[in-house]
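I have placed the structure first, in the form of structure tokens, so that the comments after it can refer back to it.
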Amino acid sequence: MNTSTASPEADPSKFLSIRDLVKDFDGYKAVNNVSLDIAKGEIFALLGSSGCGKSTLLRMLAGFEKPTSGSIVLAGQDVATMPPYERPMNMMFQSYALFPHLSVWDNIAFGLRRAGMPRDEIAAQVDAMLKLVQLGKFGQRKPHQLSGGQQQRVALARSLAKRPQLLLLDEPLGALDKKLREETQIELVNIIENVGVTCVMVTHDQEEAMTMASRLAVMSEGRFMQVGAPGDIYETPATRFVADFIGNVNLMEGTLSVDQVDHVIIDCADCQHYVGHGITGTEGMPVTVALRPEKIRIGRDLLPPVDGEPAGGLNRVQGTVKDLSYFGSFTVYHLALASGMVLKISASNTERHRADELTWGDTAWASWSPEAHVVLTS
């Protein structure tokens, strides 16, 4: 792959610009008319379950799939019809695809040799990459002599060695176990940011996308359901699908009974929700209330209102502890309500031992603030 310089006229906020991109497989649109702008230096994640179209979109960026229609513009140059080897980008696969018979040093040097780079420049670049990924002492080892995390860093060094304008990552940490994956996420981001390369990654792991990406797109059935910063998507999901896909959430069906500029009241089967802001709606319309488990307080007795919690029976409900799961730093309670719905509540374990510890079968109260909910109309 070449490393042609970016056009000076290219808008850095639209370093990668995808417009009306479609990939049709015999009448099935794996990618269905998506448009997106990615800024120079950004780490962007495509997040979704299997079959949502994220890998097909990444393969079109890499040149392994030809778009049915639409454009892909990188640094001011339309690359949609370019073969993969001419595109100024590199792709790192989940399997790493390291050459087992070559040393770490030679794995990193492989693409540079293919590009015809002078020997002294290759040596300088490989040594720089080994230093970047903190594997300077491992240059003469074979891939099988390294841990999974070290192999992942070799694959990254090889992908960055030719200084691509765009780095594509396909499930970059999928081959690692959970603990190592968590340790490697920040390390990988730091390396990418140090190089300053623009990055698009594909993952089905929500925590990975939320930790590594500055922005992400939630995909379903070939479309972008929502694009934004991780915190924005988590705290203000645009649709029921996004709310349910990202993290844990309680979804309650209800009816808008009061619609004021500064607040609304929503009647649900087990309780009334007082939401501390207005929405664009009409009284009587059906809505869904999304309430994250960690935003709910739980206690054996009704806890006194805090943070502007309303009185008068709003934003509170009583139920029975049907189940609980202890995770060390927090406990998740499953509170069975009168309607049969189970409310999930996540409580931080800030004390080692509590005299009023809740257990299976206990009656408990749950309450939440007017700012805890998101009201969804779609």
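Bear in mind that the values in this text are calculations on the coordinates, not laboratory data. All values reported here derive from a predicted model rather than from experimental measurement. Cβ sites come from the backbone with ideal geometry, for glycine too, and all protein chains shown count toward neighbours.
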- Task: Of all alpha-carbon pairs in the chain, indicate the percentage at a distance above 34 angstrom.
- Result: 43 percent
- Note on the structure: When Phe44, Phe241 are arranged by how many other beta-carbons sit within 10 Å of their Cβ, fewest first, they go Phe241, Phe44
- Note on the structure: Compactness check, the stretch 22-121: C-alpha Rg relative to the 2.2 N^0.38 Å globular estimate gives 1.29
- Item | Candidates Ala238, Ala336, Ala75, ranked by Gaussian network fluctuation over the chain, Cα under 10 Å, top entry | Ala336
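Convert 20 °C to kelvin, take the viscosity as 1.002 mPa s, use the Kirkwood radius over C-alpha pairs of the stretch 250-376 as Rh, and evaluate the Stokes-Einstein diffusion coefficient in µm²/s, rounded to a whole number. Numbers along the way, then the final one.
Values: Rh = 15.1 Å.
It comes out at roughly 142 µm²/s.
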- Message: So if each residue of separation counts as 0.36 nm, and I subtract the Cα-Cα distance between Val261 and Gln145, what length gain in nm does that give?
- Response: 35.3 nm
- Message: Let me make sure I get this right: for the stretch 339-378, a, b and c are the square roots of the gyration tensor eigenvalues over alpha carbons, sorted descending. Under 1.5 in a/c it's rounded, otherwise prolate if a/b > b/c, else oblate. Which is it?
- Response: oblate
- Note on the structure: Comparing Ala155, Ala269, Ala39 in a Gaussian network model of the chain (Cα, 10 Å), the one with the largest mean-square fluctuation is Ala269
- Of the residues Gly48, Gly247, Gly116, which exhibits the maximal mean-square fluctuation in a Gaussian network model of the chain defined by a 10 Å Cα contact cut-off? Gly116
- Among Trp105, Trp365, what is the fewest-to-most ranking by other Cβ atoms within 10 Å? Trp365, Trp105
- Note on the structure: If Val200, Val242 are placed from fewest to most neighbouring beta carbons inside 10 Å, the sequence is Val242, Val200
- Note on the structure: Taking the square root of 5λ for each eigenvalue of the C-alpha gyration tensor of the stretch 135-227, the equivalent ellipsoid has semi-axes, largest first and in whole angstrom, of 25, 16, 11
- Message: If each residue of separation counts as 0.36 nm, what is the full-extension length gain between Glu187 and Thr363 once their alpha-carbon separation is subtracted?
- Response: 58.9 nm
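Among Lys40/Lys162; Lys179/Lys344; Lys54/Lys131; Lys29/Lys162, which pairs are too far apart, with a Cα-Cα distance over 27 Å?
Lys54/Lys131; Lys29/Lys162
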- Protection-proxy order for peptides 286-293, 80-87, 167-174, 355-362, each taking the mean of Cβ atoms within 10 Å per residue, highest first: 167-174, 286-293, 80-87, 355-362
- Message: Taking 22 Å as R0, compute the FRET efficiency from the Cβ-Cβ separation of Leu302 and Ser339 and round it to 0.05.
- Response: 0.70
- Estimated inter-spin distance, Asp11 and Thr68, nm [label 7 Å along Cα→Cβ]: 2.8 nm
